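Data block below; observations after.
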Amino acid sequence: MPQELIANARMYSVAPGAAAAWKQLFAWLIDTTKVPLTVIDHAFPAKLDDLWRRNDLACTFVCGWPWLRLGLGHKVIAAPIPKARYAQGKPLYCSHFIVRRDSAFDSLESTFGYRFAYTIDDSHSGYNAPRHHLLQFRSNGTPLYRGIVGPFTTPRRVLEAIAEGRADVGPQDSFAFDLMQRHAPELTDAVRVVASTATMPMPALMASANADAAMIALLADALCSLAFRPECRALREDLCISGFARIDPSVYELSERWAKGAEVLGLTRIT
């Protein structure tokens, strides 16, 4: 094992309450497995790529699409099962398209011709998934929106841009949105969802390619037991999950097929 074993939930530390809940989960993991995780912060504007390229990751959220494209060989531990209807009891998520609550938009199509926000171009939920969804409306490569606003890097900053009128519509990682609804309702109350993409396997907690297999098994077993631990009920509620599940990393190939479907048409831009 590396001397230092890093744990991080930057992807889903979307509000102080959510960040505290993830740190509580890591503390529980340490106590349950005796794996000596070092929980670190890696907040915006630090780049997620810089975190993911470290060789001492032991339990860190990594998005499936950049995981494929970076080719770093991270070992998948387990993925959360959102406690939301869209997940259907599985480790699935989607991207919501959000608009200001007080706007006149009543559908995704009604936002065409306005300003579209995005997170960053290597994000599945904030770029790849919405681009794939919008393909059905494209014809002859004509842009759907008069302006593309970003990168905003995080779902929260996209939400803030729309709430403040700096953009008109944009994507939200549905699980990040769930967490903000619980821990920052003053933000989510300012917007509403007008459409959602198809679901995709959730980002997972992963370890570096050189991580010890026995350690990964310990962490995976503990995470997958979380659903059945009555003492963790409040933690599950704060994390907006019903539990965790093991996940075959090959499922992320769907995200790359979505990307190639757009790129083969020359649509490298989000819209």
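Read-outs throughout are calculated quantities, based only on the coordinates presented, and are distinct from any laboratory measurement. This is a predicted model, so every value here is computed, not measured. With ideal geometry, Cβ positions are generated from the backbone for all residues, glycine too; neighbour counts draw on all protein chains shown.
Find how many whole Å separate the alpha carbon centroid of the stretch 86-120 from the alpha carbon centroid of the stretch 220-258.
Cα centroid to Cα centroid, the span is 24 Å.
List, in the order given, every pair from LYS47/LYS83; LYS47/LYS75; LYS34/LYS90; LYS23/LYS83 whose Cα-Cα distance in the structure shown is over 24 Å. Display every interim value, and only then the final one.
Numbers: LYS47/LYS83 28 Å; LYS47/LYS75 21 Å; LYS34/LYS90 28 Å; LYS23/LYS83 19 Å.
Violating the 24 Å limit, Cα to Cα: LYS47/LYS83; LYS34/LYS90.
Rg and Dmax of the chain over Cα atoms: what are they, in angstrom?
18.3, 57
Hey, with R₀ at 45 Å, roughly what FRET efficiency would ALA217 and GLU263 work out to, going by the Cβ-Cβ distance, to 0.05?
Computed FRET efficiency for ALA217 and GLU263: 0.75.
For the stretch 183-202 and the stretch 9-35, what is the centre-to-centre distance using only Cα atoms, to the nearest Å?
22
Please list, in order along the stretch 144-151, the HN-Hα scalar couplings obtained from phi with the Karplus expression 6.51 cos²θ - 1.76 cosθ + 1.60 (θ = phi - 60°), rounded to whole Hz, x for Gly and Pro.
Residue by residue, the stretch 144-151 yields 7, 10, 7, x, 10, 10, x, x Hz.
Quick one: P(r) of the stretch 142-240 from all Cα-Cα pairs, 5 Å bins, percents rounded to integers, in order of increasing distance.
2, 9, 16, 16, 16, 13, 11, 8, 6, 3, 0
List the aspartates and glutamates whose Cα lies under 16 Å from the Cα of LYS260, skipping any in the same chain that are fewer than 8 positions away.
Of all the aspartates and glutamates, those that pass the test against LYS260 - Cα under 16 Å, at least 8 places apart if same chain - are ASP121, ASP122.
Students often check this: by mean Cβ neighbours within 10 Å, which of 137-147, 117-127, 75-85 ranks highest, and how do the rest follow?
117-127, 75-85, 137-147
Where does the chain land at 222 nm, in deg cm²/dmol rounded to the nearest 500, when only DSSP H runs of n ≥ 4 count, each adding -39500 (n - 2.57), divided by all residues?
-9500 deg cm²/dmol
If you wrap a convex hull around the C-alpha atoms of the stretch 1-85 and split its volume per residue, what is the figure in Å³?
Value for the stretch 1-85: 118 Å³ per residue.
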